[in-house]
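Trainee: I have a structure here, written as structure tokens, and I will follow up with some questions on it.
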Amino acid sequence: MSRFATGQNISFSGVNASRLPFLVVAIILGVATVCTVAVRLSERLPINPWEAAISMEAMRLNAGLPLYETGHATHMYGPLLTVALAGIFRITGLNLLAARIVFSIFAFGLAVVLSAILCRGKNRIYWFVAVLLFLSISFRTNLIFLSAQPDCPAALLGVVGLYLSITRQDSWPRLALSIAFFLSAMLMKQTAAAFALIPIVHTLIWKRRFSDFASSLVPVVSILVALAAIRLFCPQLFSAMVIVPAAIKVYYERAWGITIYLLATFPIFVIALLAMFKFRNRIDERERWILSAIIVLVPVSIWTICKSGGGYSSLLFSYLAMTALFVARLDAILDWTRSLSMSRAFLAASIVALAILCSFFIQFDRAVTLLFTRCGDEKYDSAVALVRRLGGCVASPQDPTIAFNANGYFGHSLIFELDAHAVNGNWPSELPESVQQELAASNYVLEVKSYVPTPVLERALAKKFHAVAIPGLSGSAYTLWAKTD
């Protein structure tokens, strides 16, 4: 084991001079990750309206209520998300903290699996650094690694499916297992189906044999067959998974700006490309697969973030592929720095270390803001107690968990209803009929303000309700509205 790994004194010899900047970066990334985990995985409230909404779909499943029916809008993710959350809540009850912890375990598993694949046969210090790099992608993707949303579990399923497909070696059971993982990834989040395209791209670029091309089509064909079966036997599920997301407008004119943003703000990818060009005669099979993944996942991520309402979490798949290339080239980069003189080695290593920090912390201010942002605030329990006292005539469409925890009421989710009733690819300017009916049947509405504005509800409340001053909710994110006589 190297002196870096065993903690021996680091002197400014030619070798150790190149290691000190990386040690500093590893400490910074590790501390930032631990602090973020400590804050986010101790938060019991929904961290955004989507967490609150998807949790209620899981509770509906546990209660035996239909999820995919006319007049009820569910989420645009795959059905496995609801099944996974329902399994957690069957044990813990409606506990978003438990769900977030379980999903974060999948996210950490994603970092570990990728590092194990890319660092096989290397010193354990490479594996440790790789894990930190992959975990730090969370800072660029709205802290998606610490959320109860399906992005990271879907990516993990896609990566495992791809690995099994690559290493199947004409093993039919292994191929069947890889297809099962590809399908599971797609059913967790639809865009994860992109992982099944990577074998096709790899074959077209690097092999170009018809037999290989035919076998590379199997995962994609399997997904298409599964979608066809869903459309035939579960049309409402197909509508929620495919038709509703397809109705969301894509602003293609943003694509060039997002592409420039990716390259300009993720310099370790540029360094990895330069290292590959410098040592292009040493591109191995592993790096060929990474390049194939980049060709597929980067455009898919850009297309996803260009959709109306798209966020930085949409770039997760592209960051995973780009970071993988840097990890694969890290040993070549370190070998190059060690070959330099003492001063040049330290300077080169410092530049690479700075590029790492810039790549993951360039939006650190946004990440910190999101870290302490919630759907609601510390007066959540007071809001639930108030709704319980008022009885079963209170709706809370922005956070349906409040009405459920108070009175067991399964209300509509405003976020999902707006998604399902898009007009010209964007949220409608009027409340969907289902929400209007819910408000008409309610004597009170509890409004929950968050960083996701919903002016359409505010306008509707101002027409038929009036705000009620509740001392216990003064200065909070919660406002009670009573129906005007």
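Trainee: Please sort by residue number the chymotrypsin sites (Phe, Trp or Tyr not before Pro) in segment 344-408 whose DSSP state is loop and whose Cβ has at most 14 other Cβ atoms within 10 Å.
Mentor: Passing sites in segment 344-408 are Phe372.
Trainee: Taking the Cα centre of segment 240-398 as the origin, how large is its charge dipole in debye, to the nearest 20, when only Lys and Arg (+1) and Asp and Glu (-1) carry charge on their Cβ atoms?
Mentor: The dipole magnitude comes to about 120 debye.
Trainee: Just to be sure I understand the model, the point goes 7 Å from the Cα along the line to the Cβ. What's the resulting Val423 to Ala385 distance in nm?
Mentor: Between Val423 and Ala385, the label points sit 4.1 nm apart.
Trainee: Could you give each residue of segment 300-314 its phi-based ³J(HN,Hα) in whole Hz, using Karplus coefficients 6.51, -1.76, 1.60 with θ = phi - 60°, and x for Gly or Pro?
Mentor: Couplings: 4, 5, 5, 4, 5, 6, 7, 6, 4, x, x, x, 5, 5, 5 Hz.
Trainee: If one takes the longest principal axis of the Cα atoms in the chain, at what angle in degrees, from 0 to 90 and to the nearest 10, does the Cα axis of helix 172-188 lie?
Mentor: The two axes meet at around 50 degrees.
Trainee: Can you compute the FRET efficiency between Asp170 and Ala255 using 1/(1 + (r/R0)^6), with r the Cβ-Cβ distance and R0 = 30 Å? Round to the nearest 0.05.
Mentor: Numbers: r = 39 Å, r/R0 = 1.32.
Calculated value: 0.15.
Trainee: Does segment 106-202 come out rounded, prolate or oblate, given a ≥ b ≥ c as the square roots of the eigenvalues of its C-alpha gyration tensor, rounded meaning a/c under 1.5 and, failing that, prolate meaning a/b above b/c?
Mentor: Because a/c hits 1.5 or more and a/b fails to exceed b/c, segment 106-202 counts as oblate.
Trainee: Once the convex hull of the C-alpha atoms of segment 100-161 is built, how many Å³ does it hold per residue, rounded to a whole number?
Mentor: Taking only Cα atoms, segment 100-161 has a hull volume of 69 Å³ per residue.
Trainee: Can you grab the distance from the C-alpha centre of segment 226-256 to the C-alpha centre of segment 269-348, Å, no decimals?
Mentor: So the separation of the two Cα centres works out to 31 Å.
Trainee: For each of His75, His466, His421, count neighbouring Cβ atoms within 10 Å of the residue's Cβ, then give the residues from fewest to most.
Mentor: The most exposed by this proxy come first: His466, His421, His75.
Trainee: Can I ask one more? Neighbouring Cβ atoms within 10 Å as the yardstick, rank Thr92, Thr323, Thr203, Thr337 fewest first.
Mentor: Ascending number of Cβ neighbours within 10 Å: Thr92, Thr203, Thr337, Thr323.
Trainee: Going by how many other beta carbons lie within 10 Å of each one, how would you line up Glu447, Glu287, Glu253, Glu433, fewest first?
Mentor: Ranked by crowding around the Cβ, least crowded first: Glu253, Glu433, Glu287, Glu447.
Trainee: Rounded to the nearest 500, what is the chain's calculated 222 nm mean residue ellipticity when only DSSP H runs of at least 4 contribute -39500 (n - 2.57) each, over all residues?
Mentor: Mean residue ellipticity at 222 nm (helix-derived): -19000 deg cm²/dmol.
Trainee: Which residues in segment 437-481 place their backbone N less than 18 Å from a point set 7 Å from the Cα of Thr369 along the Cα-to-Cβ direction?
Mentor: The answer is 449-454.
Trainee: Sticking with this structure for a sec: What percentages make up the Cα-Cα pair-distance distribution of segment 380-483 when the bins are 10 Å wide from 0?
Mentor: 16, 51, 29, 5, 0
Trainee: Classify segment 189-264 as rounded, prolate or oblate from the Cα gyration tensor: take a ≥ b ≥ c as the square roots of its eigenvalues, call it rounded if a/c is under 1.5, otherwise prolate when a/b beats b/c and oblate if not.
Mentor: oblate
Trainee: Assuming a viscosity of 1.306 mPa s and a temperature of 10 °C, what translational diffusion coefficient in µm² per second does Stokes-Einstein assign to the chain, Rh being the Kirkwood radius over Cα pairs?
Mentor: D, rounded to a whole number, is 65 µm²/s.
Trainee: Starting from 0 in steps of 10 Å, tell me what percent of the Cα-Cα pairs of segment 176-331 lands in each bin.
Mentor: 10, 32, 35, 19, 3, 0
Every number in this text was worked out from the coordinates using simple rules, so none of it is lab data. Every value quoted in this text rests on a predicted model; they were computed, and no experiment measured them. Using ideal geometry, Cβ is built from the backbone for each residue, glycine included, and neighbour counts are taken over all protein chains shown.
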